[in-house]
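First comes the structure, then the notes that go with it.
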Amino acid sequence: MRRKSMTEPSRQTVGHDAPVFRFAPSPNGRLHLGHALSALLNADMAEKMGGRLLLRIEDIDLTRCTPQLEQAVFDDLDWLGISFEQPVRRQSEHFPLYRQALDRLKAKGLVYPAFLTRGEVKARVFAYEREGGTWPRDPDGAPLYPTEERAMSEADRAERLATVERYAWRLDIDRAQSMVERLLTWQETGDGPRGEIEADPAAWGDVVLWRSDAPASYHLAVTVDDAAQGVTHVVRGLDLYHATSVHRLLQVLLGLPAPIYHHHRLILGPDGRKLSKSLGDTALSALRAEGKTPSDIRAMVGI
């Protein structure tokens, strides 16, 4: 059984129209300095604006996310002095809501079953580039998924769905964008380009929204969750800056409101890359064991 956080909700009275912030970690490892920066920024901005701070546990990956690591999240936030409202939202408790969103997109003809495995896609990309071609890649550098399955007949799809165990539901990005009648943008206030940012969801190709061996993808779940929780300000790392294009498209397709986005700088490791939960020396629990204080953590992340 999961233990609830020992953090008490803030006693500050806020109105129903107050700004709503959220910190949304995945309990698949210990929180590190990068998470501390994001959590502290959310808390500080919510306090400055007289808003609310929510905690969302993004535990879709039921294999890697554990109750013990979830409790560690609560412990780290308690130690940092961050308060959030109860109850805590857990994605694992809302799979039917994500399925409803997927079904709405299915009804509009915007998703299709995709059967190629990662290995098959990798082999196809390798063969294509070996012949001198350049396979398109998304902003993270991953090859875009081939698109021929969009045109598969209903009979062929039904036959494959009946015989193949593992497949995904992908968004037909071209058809989805054709349903958007205005320029797709988002409001940005963070550490990258600011102002009204033009979204480019096509850069991601036909993104996965659902897998047969796992619940909703990050893109679908986070979009649905932010709307369900009434989040008005999304504060997260710059590594998710470009992914906002996909989220804005899904918001329009599903008729959901658009938050204001604030993508903050990343805390980098010695190799110049963003921190990973596998780097134990940056874990908040390890730093606490070394005698670091919450004030030290603020100094280390530059706030």
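Some values worked out for this structure:
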quantity	calculated
Backbone HN-Hα couplings from phi across segment 60-77 [Karplus 6.51/-1.76/1.60, Hz, Gly and Pro as x]	4, 6, 6, 7, 8, 8, 10, x, 5, 6, 4, 5, 5, 4, 4, 4, 5, 5
The chain: angle of helix 244-254 to the longest principal axis, Cα-based, in degrees nearest 10	70
Label-point gap, in nm, between Leu183 and Ser212 - each point 7 angstrom along Cα→Cβ	4.3
Chain lengthening between Met152 and Arg64 when straightened (0.36 nm per residue, less Cα-Cα)	28.2 nm
C-alpha center-to-center spacing [segment 139-206, segment 23-72] in angstrom	27
Full-extension gain in nm, Glu198 to Asp174, via 0.36 nm per residue minus C-alpha separation	7.0 nm
Protection proxy ranking of 224-232, 180-188 - average other beta-carbon atoms within 10 Å, highest first	224-232, 180-188
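Quick note: the coordinates plus some simple rules give every number you see, no bench work behind them. Note that the structure is a prediction, hence the values are computed from the model and not measured. Cβ atoms come from the backbone with ideal geometry, glycine included; neighbour counts cover every protein chain shown.
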